[in-house]
Every structure is written in structure tokens, then in C-alpha cells.
Amino acid sequence: MDSMLQVFIICLFLGAVVGFFAGLLGIGGGLIIVPALLYILPSVGISVTQLTHVAIATSLASIILTSMSSATAHHKRGNVPWHLFKPIMPGIVVGSLASAFVSEQISSDNLQQTFAIFVVLMAIQMAFPLKVKTGDDMPKFAVLFMVSVLIALIAGLMGIGGGVLLVPFLSYCGLQMRQAVGFSSVTGMFIAISGTIGYVIAGFDAPNLPPGAFGFIYLPALGGIIISSILCAPLGVKAASTWPTPVLRKIFACLLVVVGLKLLLS
């Protein structure tokens, strides 16, 4: 019980950092949460064979409330193109649900290395954002479905909301940036919910999970992250209006590169 309480308290601080930087830089929390949990969770007896799966699943579950809040705000501002719901959302649900079962087939070490490479690539994108060339027309239904399955699958495997992948794609297809971000917030919510359900089901029969685990999700860590991230996100939003955000993005990206390389080499 002492170790569970210790993880909860540590994750309160982690959630505060995640919430603040999410508000300040507009990033998803998974790139911070997963590496941190990889170091925190062994203290409660989570085996190395399950460690990365639990870290990613817990990260994904923590995204539900934050993405829900963001989606509601964008909907109120008319930033969600709901006509894309029909071709994209089925693929999002399929891909995010499948991610949990695909991850079960990947060893924890290989999953950690894949995540590490992904973190480094996302850090480079954060420091030097790609300027996409916008198109004129949306792809056909089948293309949107397949792309959405792939994006949701990657997002679920990495424990992120998927906006870092979906927004550039929708912008390339000709959608206005505010609509791309708004629709991405909705899909992020569905990725988080569907992926979380998948990780709960996939982890029910997993061996060597400690008390406090619900499937692959470790509830004490999840509770700590959610409580403080919700409280600290508005502080980050407020700081974004006065702090040198472009400089901070590059500094944060450098930190992510260090984290990714350390995970890759560990």
C-alpha cells in the first residue's frame, strides 16, 4: 500500500508537469507520461515483461478527460467538421481497439524501443514543424478509413491522442487548421476511449500485474495524473500568452530527444 501511495503522489507531480506543458505548448501528454511511468512503475512490482504495456495504457487512459474537454471547447466554437465523422471515426475505433491486442504481440523491450524512436521523431517535428502543402479535395471514403485506422493504431501503440499525426494529414487534404485541430480533438477522445477499453480487455488475463491494475491500466498512477493535470493545464494556457513559446518548444524538444535516446539505449 505504501508503494501505491508513493506512486500516486509522484504522479500528482507528473500530472502537474503534463498539464502545464499541455496548456503551454499544445502537446499531448503521452510523450511525457510514458517515459516517466517506465521509471516509476517498477517500484510497485510491475514486471519488465508488462512495464511498457502498462505505461502506454495508463497514458492513453489519462488522455480521455483532457481530450473530452478540448473536444467540447472546439465544438462550441464551431471548429469540428462533423461531416468527416462518417468516413473517419469507424477507422479510428477499429485502429485504437486493435492497438491493444497488437501491442500484446510485441515484447515490452521492442515496444519501448519503438516508442523511443517515435519520441525522437516527434521532438524533431516539434522543433522544426513541417509546413504541409494543402490539397484541394478530401480523399475518397476508403482512403480516409484506411488512413484513420493506421493513425489510430500508431496512436494506441504509443499511448498518445494522435493529433500529431492527424492534423498534418487533414491540413494536407485541404482542411483549415482550426478545423483540423478541432476534429483531431474529437478523434483523440475516441482513440483514448477505444484504446483504453482494448487495453483493459487485453490485460485482464495478463500475468504478474500488481494490485491496483485494471487490465493494463495502473489506477493509482492514472488518478494522480488526471487530478493535477486538469488543475494545471489552465496555468499553462495563461503562461502561453507571455512566455516565449517557440523557444520553449525547442528546449522541450531537446529534452524529448535526450529522453528518447536514453530509452533507446537502455
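Screening residue 248 against (1) open to solvent by less than 70 Å² (accessible area, probe 1.4 Å); (2) within 19 Å of the chain's Cα centre (by Cα) leaves a single unmet condition, (2). Of all residue pairs spaced 6 or more apart or on separate chains, those with beta-carbon atoms under 8 Å, a first member in segment 159-172 that is under 17 Å from residue 146 (Cα atoms) and a second member that is of a type in the set (D, E, K, R) and open to solvent by 10 Å² or more (accessible area, probe 1.4 Å) are 172/133.
For segment 83-126, the set of residues classified as open to solvent by 40 Å² or more (accessible area, probe 1.4 Å) and farther than 17 Å from residue 53 by Cβ consists of 83, 85, 86, 90, 93, 94, 117, 121, 124, 125, listed by residue number.
Among the residues making up segment 9-55, those that are buried (at least 24 other Cβ atoms within 10 Å of the Cβ), among the small types (Gly, Ala, Ser) and at pLDDT below 90 are 19, 28, 29, 30. If the condition is being open to solvent by 80 Å² or more (accessible area, probe 1.4 Å) and over 29 Å from residue 227 (Cα atoms), then segment 63-82 contributes only 82.
Examine segment 127-150 for a residue that is open to solvent by less than 60 Å² (accessible area, probe 1.4 Å), under 30 Å from residue 247 (Cβ atoms), of a type outside the set (Asp, Glu) and within 13 Å of the chain's Cα centre (by Cα), and state whether such a residue exists. The answer is no, given that none of the residues of segment 127-150 is open to solvent by less than 60 Å² (accessible area, probe 1.4 Å), under 30 Å from residue 247 (Cβ atoms), of a type outside the set (Asp, Glu) and within 13 Å of the chain's Cα centre (by Cα).
One line per residue, one yes/no per condition, for (1) under 28 Å from residue 92 (Cα atoms); (2) under 17 Å from the mean Cα position of the chain (by Cα); (3) free of Cβ contacts under 8 Å to residues at least 24 places away in the same chain:
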{"site": "203", "(1), (2), (3)": "yes, no, no"}
{"site": "210", "(1), (2), (3)": "no, no, no"}
{"site": "213", "(1), (2), (3)": "yes, no, no"}
{"site": "218", "(1), (2), (3)": "yes, yes, no"}
{"site": "222", "(1), (2), (3)": "yes, yes, no"}
{"site": "226", "(1), (2), (3)": "yes, yes, no"}
{"site": "230", "(1), (2), (3)": "yes, yes, no"}
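The condition of being touching a Phe, Trp or Tyr at 6+ places or on another chain (Cβ under 8 Å) and on the phi > 0 side of the Ramachandran plot holds for only one of 215, 198, 203, that being 215. Count of segment 165-220 residues, restricted to those that are modelled with pLDDT under 90, assigned to a loop (DSSP other than H, G, I, E, B) and either open to solvent by less than 10 Å² (accessible area, probe 1.4 Å) or touching an Asp or Glu at 6+ places or on another chain (Cβ under 9 Å) (or both), is 3.
The values are calculated or read from the model by the stated rules, or taken from the named source; none is laboratory data. From a predicted model like this one, the values you see are computed outputs, not experimental measurements. Counting neighbours? That spans all protein chains shown, and the Cβs are built from the backbone with ideal geometry, glycine included. Ligands, DNA and RNA are stripped out before the accessible areas are found, and what is left, the full protein with its side chains, is counted by its heavy atoms. Shrake-Rupley method; radii C 1.70, N 1.55, O 1.52, S 1.80 Å.
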